[in-house]
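All of the numbers you see were taken from the coordinates with simple rules; none came from a lab. Because the structure is a prediction, the values reported are computed rather than measured. For neighbour counting, all protein chains shown are included, and Cβ atoms are generated from backbone atoms with ideal geometry for every residue, glycine included.
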């Protein structure tokens, strides 16, 4: 019995020593730095675990929202539009009329005041190579940042820390396989400096690996590529890495978005450009581009019920009209009306191993796309 205890103690001691050595060598470090060594196979994958619309937020809100946060949500607008003054009104002319305006909004002058975000600082990138009066400066001090979406949603509580919709978006992004977005960098000779790499986006099929708390995401998990329903999310572009920062050429970028475990949607960013700080364990940074107004409106303002939107003072039809006013990209070829608005995501990713399917399994030409599935909802 004593001999067995001695052997057990010796084994445990060796394990402790091995773990300590592993940590000293950097195996347990959460801040592993990139070096000039090429990743295995000259490729590395990352999975998103946080992707949020880039909104500058200060504690007292005065810098970005000098007039304060939005006060007129759906309930407040309804009371102003249909006051309790004894007038007899029909349901079809009140509640139903307002819901119709949510589902089929019109780009007209809004009857309610709207508080746009202001200030000088915003997340994003210089998308047009110009420094205009309407542009911002990035938190790092770079001028010419294009992010008009921030002006529209920056003072709406739902899009800020603590907002109901923003909170649920974070939960779905981390937990729902439908929302699993991954990127793969190929032709990589160094994660520090490489003037020619390729970035490809996919939708993954697997859960993210976490620690015992379930809140911290661990590198090294495996992600299978969704080739059946995920072809809408497959896009590629060239890029380069300078001093550990990846920048890319413009590309389409679609972010899968499941709402309330039932409504399939996605956000479509056109001419999206990545700017990510890379390490072997993860990446973080911004994605700047032009958010397609219709897909943005569907995924955040139409699929969420008015009940939930009311918690964060988010009046959908009013948001739509401001989006149309400030739209600054991709004019319709027939009407000349802009269909997209400059925007930015702030993102965090964790390293994963991407499992490519066999060639005979990867035939996706006849598979329904995620867009078709979303439209069928």
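Observations
- Length-normalised contact order of segment 79-212 in % [C-alpha pairs under 8 Å, at least 6 apart]: 14
- As computed over segment 197-301, the Cα convex hull volume per residue (Å³): 129
- In segment 31-376, Rg over Rh equals 0.99, where Rg is the alpha-carbon radius of gyration and Rh the Kirkwood radius from pairwise Cα distances.
- Of the peptides 184-197, 245-258, the order by per-residue mean of other Cβ atoms within 10 Å, starting with the highest, comes out as 245-258, 184-197.
- From the C-alpha gyration tensor of segment 62-183, square roots of 5λ in Å: 33, 21, 14
- Remark: segment 125-251 is approximated by an ellipsoid whose semi-axes, taken from the C-alpha gyration tensor as √(5λ), come to 27, 25, 15 Å, largest first.
- Efficiency of FRET between residue 189 and residue 356 - r from beta-carbon atoms, R0 22 angstrom, step 0.05: 0.60
- Antiparallel content of DSSP bridges confined to segment 31-376, in %, to 5: 95
- Residues in segment 109-148 that a label on residue 76 would reach, taking backbone N under 11 Å of a point 7 Å out along Cα→Cβ: 113-115
- The average projected area of segment 175-227, computed from the convex hull of its Cα atoms over all directions, is 4.7 nm².
- Bins of 5 Å, starting at 0 and running to the largest distance - Cα pair percent for segment 40-91: 4, 11, 12, 10, 10, 10, 9, 9, 9, 5, 4, 2, 2, 1, 1
- Averaging 1/r over each pair of different alpha-carbon atoms in segment 230-288 and inverting the result gives 12.9 Å, the Kirkwood hydrodynamic radius.
- Over segment 142-210, the ratio between the Cα radius of gyration and 2.2 N^0.38 Å evaluates to 1.55.
- Rounded if a/c under 1.5, otherwise prolate or oblate - segment 307-355, Cα gyration tensor axes: oblate
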